[in-house]
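See structure below.
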Amino acid sequence: MLEIAIWLSETKWSIALLESLYMYPWIESAHVLSICFFIGILLFVDLRLMGVAFTKLPISEMNKKVLPWSLFGFGLMMLTGFLLFYAIPVRSYQNIFFRFKVILILFAGLNAFLFHRQMKLEGMNWDEGKSIPKSVHLKAAASLVLWSGVIISGRMIAYNWFDCDRQPQPEWVNWAAGCIVDLNQMGGLDGI
Amino acid sequence: MESERLFNFFDQLEQSFIGEAIRNSIWMFPVIEAFHLIGLAILGGSILVGDLRLLGLLLSTKPINYVISQTTLILKLGLIILVSTGIPLFLSEAIKCYYSRAFWIKMSALLIGLVFLFFIRNPMGLSAVEGNTKLKLIGFISISVWAIVAGSGRWIGFS
């Protein structure tokens, strides 16, 4: 994986993106603004599932009419997110917050998969006014908590507190970030 | 003369207890900033759902007033989170904001956006059932103004 990141970082477009004065901030702004489309609109789908907003609309209608806008935001998010990663691949790959964010996204994806599978099986009952099962409320709440975590950890990627080139770090940090620390070199530098 | 008084005022804000505390901490600014982004998601989503309805692009068979009424409470929640995190962020770097063009663009757009939201967009949206050209225009103006607020807000950090 590290080799792939290093290889990406040496490609022409990666260097161009990183060094560009305007492209990087514009992509970053688009990435941040797509939060509104993706997570902001998903918020209302989840609130519907929790019975907080749009309770007069059938859940199936929220999923057909509102969720696609959220998925449009997700696509924008992934596209701009990939470009941001592509501009700074090695540092991102070895960034503890980036790794945590990816794990949270995987959990959120699993949660969404479980919800849609459940909806396929028993969703028709929810529209007929029967009460929505607690497990659906729980999945909607989990979605909001996980995506909030993604926003928070995503914001933290900008900080280099735990970067590999800032040693010494606690052992667990180097392990979690996948840092390759040359102790001999460090000893030389610190005169140990 | 005016601008000197304004600068001194911003300088005092920067020296405030809260501004000082945030500057002296490594993690406070990033954490407040992260919650500012969560507020952005909440406000942005509420604005988008309402404005896309006004534009006739989302839930277009449902009454406009229903969609607007269902998003207003969450919109206010997002606004409260944004303002209560935005003020400490501002206090920690008031002088930088004073010299930042993006900051002044954002504040101007924010003022316009809030006035437009509470005096035009919401009152009209809450009394409308079906869409028309005028309501589409209102949705378009609203979405544009808030995009400027969010976009120039991000740009404060680049300057």
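Observations, loosely collected:
- Identification of helices (runs of 4 or more DSSP H) wholly contained in the range B:82-159 with 1 or more residues that are farther than 21 Å from B:Gly39 by Cα and open to solvent by less than 70 Å² (accessible area, probe 1.4 Å) yields B:94-98, B:122-126, B:133-156.
- Number of the exception - A:Val145 against (1) within 14 Å of another protein chain (Cβ to nearest Cβ); (2) open to solvent by less than 60 Å² (accessible area, probe 1.4 Å); (3) farther than 21 Å from A:Gln94 by Cβ: (2)
- The number of residues in the range A:2-12 being in a helix (DSSP H, G or I) and loosely packed, with under 12 Cβ neighbours inside 10 Å comes to 3.
- Selection within the range B:68-81 - touching a residue at least 40 places away in the same chain (Cβ under 8 Å) and crowded, with 23+ Cβ neighbours inside 10 Å: B:Ile68
- From the options A:Leu79, A:Leu71, A:Leu83, residue that is open to solvent by 40 Å² or more (accessible area, probe 1.4 Å), away from chain B (no Cβ under 12 Å) and closer than 19 Å to B:Leu52 by Cβ: A:Leu71
- A:Leu21 being part of a helix (DSSP H, G or I) and over 18 Å from B:Thr61 (Cβ atoms): no
- Scanning the range B:58-99 for residues that are within 14 Å of chain A (Cβ to nearest Cβ) and small (Gly, Ala, Ser) returns B:Ser60, B:Ser69, B:Gly78.
- Just one residue in the set A:Ile41, A:Ile15, A:Ile27 is surrounded by fewer than 15 Cβ atoms within 10 Å (Cβ to Cβ) and in a helix (DSSP H, G or I); that residue is A:Ile15.
- Among the residues making up the range B:8-53, a single one is in contact (Cβ under 8 Å) with a residue 40 or more places away in the chain and not in a helix (DSSP H, G or I): B:Ser16.
- B:Lys134 away from chain A (no Cβ under 14 Å) and of a type outside the set (Asp, Glu): yes
- If you go through the range B:24-65 and keep only what is under 24 Å from B:Ile120 (Cβ atoms) and open to solvent by 30 Å² or more (accessible area, probe 1.4 Å), you end up with B:Leu55, B:Gly56, B:Leu57, B:Ser60, B:Lys62, B:Pro63, B:Asn65.
- If you check A:Lys65, A:Lys101 for being surrounded by 14 or more Cβ atoms within 10 Å (Cβ to Cβ) and within 11 Å of chain B (Cβ to nearest Cβ), only one passes: A:Lys65.
The values are calculated or read from the model by the stated rules, or taken from the named source; none is laboratory data. Keep in mind it's a predicted model, so treat the numbers as computed, not measured. Using ideal geometry, Cβ is built from the backbone for each residue, glycine included, and neighbour counts are taken over all protein chains shown. The area values use the complete protein model at the heavy-atom level, side chains included, leaving out ligands, DNA and RNA. Shrake-Rupley method; radii C 1.70, N 1.55, O 1.52, S 1.80 Å.
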